[in-house]
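Read-outs: derived from the displayed coordinates by stated rules, not from any lab. It should be emphasised that the depicted structure is a prediction, and the values quoted were computed from it without experimental measurement. We place every Cβ from the backbone using ideal geometry, glycine too, and count neighbours over all the protein chains shown.
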Amino acid sequence: MSAFKAIRLGLRRRRWYYRAIRKRRDLTRVKQRTRKIRPGDTLVMSTLRNERIRLPFFLAYYRGIGVDHFLFVDNGSTDGSAEYLAGQPDCSVWRTEASYRRSRFGVDWLNWLGRRYCCGHWVLCVDVDEFFVYPFCDTRPLRALTDWLDATEIRSFGAMLLDMYPKGDLAQAAYSEGQNPIEIASWFDAGNYTISRNWDYSSLWIQGGPRARVFFADRPKLAPALNKVPLVKWRRGVVFASSTHMLLPRGLNLVFDDQGGEKACGVLLHAKFLDVFAGRADEEAARAEHYGEGREYKAYADRMAERPQFWCKWSERYINWRQLEILGLMSKGNWA
């Protein structure tokens with residue numbers, strides 16, 4: 001990288017760092033239990049809006065793999081999400097009515113929470129419809145992964161976002177509170193992905209999967225990015241640059257091996273496509289608070305009116321992480 005680009009990224013990181021400090025004024029404390037956080041605890045950070053029905057399983061899943069404390073930003077929920085989370089003994093909750101778009105889609109709020117409460121901790125930054133799958137997750141807790149990363153002096157861990165969907169009409173994929181959504185949305189695309197390099201940020205750029213073929217078949221370059229760096233050892237100066245797709249300093253995005261080998265990486269099972277999706281797409285398209293003034297959600301809303309089928313003859317039914325490794329969607333690298 002040229003000296004000019006390095007200086008530009010350094011200035012950008014500094015600007016976003018101080019922007020996050022200013023944006024703390026958007027947040028109002030609902031319930032703060034951060035004094036319970038102990039050295040070595042693993043944390044989850046997340047923003048949400050009207051996700052009450054998903055929260056019981058989300059919390060159970062991440063508690064089950066070893067997360068110790070959750071930090072949530074509730075962006076104007078009206079369904080009791082904040083109140084439910086405030087009643088959970090391992091959750092700290094902040095509320096804001098401020099614009100999601102003007103917070104760089106929630107990134108400013110998370111960068112502030114990271115700076116204030118997460119330094120020295122491993123942090124998972126995930127949405128409440130994302131479920132982190134890593135090598136040996138069926139037999140080893142998350143702490144085993146972060147201990148190995150510490151021992152090998154690796155400070156971040158990448159994961160591909162894998163869109164899950166049901167077989168049949170999405171409107172019939174009824175979800176009940178507390179249910180594992182992967183029991184319903186249990187299918188995924190094993191292929192149909194494109195990968196390129198973002199040289200400025202030293203990151204991969206992955207697109208494709210069911211959203212590309214169902215919603216953006218005629219405009220594949222507008223399909224959502226599927227590359228993420230959800231797990232990071234937080235330290236002062238770290239910022240998410242673009243959702244959880246990229247971080248600064250940019251060395252944290254080097255979650256792949258460009259010398260012909262493989263680095264350990266995981267998958268985020270993305271259980272967006274349930275019966276509630278069409279209504280959410282309409283709401284978010286109207287709010288225009290997401291990237292490109294809700295362009296992605298407008299595409300969803302328009303296509304969902306036609307009741308499209310996600311499942312196709314090339315769809316694969318999810319079994320476990322070893323299946324994903326065989327398909328080349330994740331890797332255990334040299335972690336044995």
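Annotations for the structure displayed:
- Evaluating 6.51 cos²θ - 1.76 cosθ + 1.60 at θ = phi - 60° for every residue in the stretch 69-82, the Karplus couplings come out as 8, 10, 10, 10, 10, 8, 9, x, 5, 10, 10, x, 4, 5 Hz, glycine and proline recorded as x.
- Whole-angstrom Cα spans of the chain along principal axes, big to small: 49, 47, 43
- Neighbour net charge for residue 82 - beta-carbon separation under 13 angstrom, K R +1, D E -1: 0
- Measuring gaps between exposed loop sites in the chain (chymotrypsin sites (Phe, Trp or Tyr not before Pro); DSSP loop; at most 11 other Cβ atoms within 10 Å), the longest gap, sites not included, is 1-198.
- Taking GluC sites (Glu not before Pro) in DSSP loop conformation with at most 14 other Cβ atoms inside 10 Å as exposed sites, the chain has its longest uninterrupted site-free stretch at 1-96.
- Each residue, residue 79 and residue 116, gets one label point 7 Å from its Cα in the Cβ direction; the gap between the two is 2.6 nm.
- In range of the label at residue 180: residues from the stretch 119-153 whose backbone nitrogen is under 20 Å from the point 7 Å along Cα→Cβ: 127-143
- Net charge contributed by nearby residues that have their C-beta within less than 11 Å of residue 169 (K/R +1, D/E -1): +1
- Within the stretch 35-60: backbone nitrogen closer than 20 Å to the residue 24 label point (7 Å, Cα to C-beta): 35-39, 43-47
- The residue among 216, 53, 39 whose Cα reaches farthest toward the positive pole of the charge dipole of the stretch 3-326, with charges on the beta-carbon of Lys, Arg, Asp and Glu, is 39.
- Ordering 315, 174, 113 by Cα displacement along the dipole of the stretch 3-326 toward the positive end leaves 113 in first place; charges were set at the Cβ atoms of Lys, Arg (+1) and Asp, Glu (-1).
- Counting lysine pairs in the chain whose alpha carbons fall under 21 angstrom apart, excluding pairs fewer than 8 residues apart on the same chain, gives 14.
- Under DSSP loop assignment and at most 11 Cβ neighbours within 10 Å, longest trypsin sites (Lys or Arg not before Pro)-free interval of the chain: 1-235
- Quotient of Cα Rg and 2.2 N^0.38 Å for the stretch 1-110, N being how many residues it contains: 1.23
- Here the chain is treated with +1 on each Lys and Arg Cβ and -1 on each Asp and Glu Cβ, and its dipole about the Cα centre works out to around 1720 debye.
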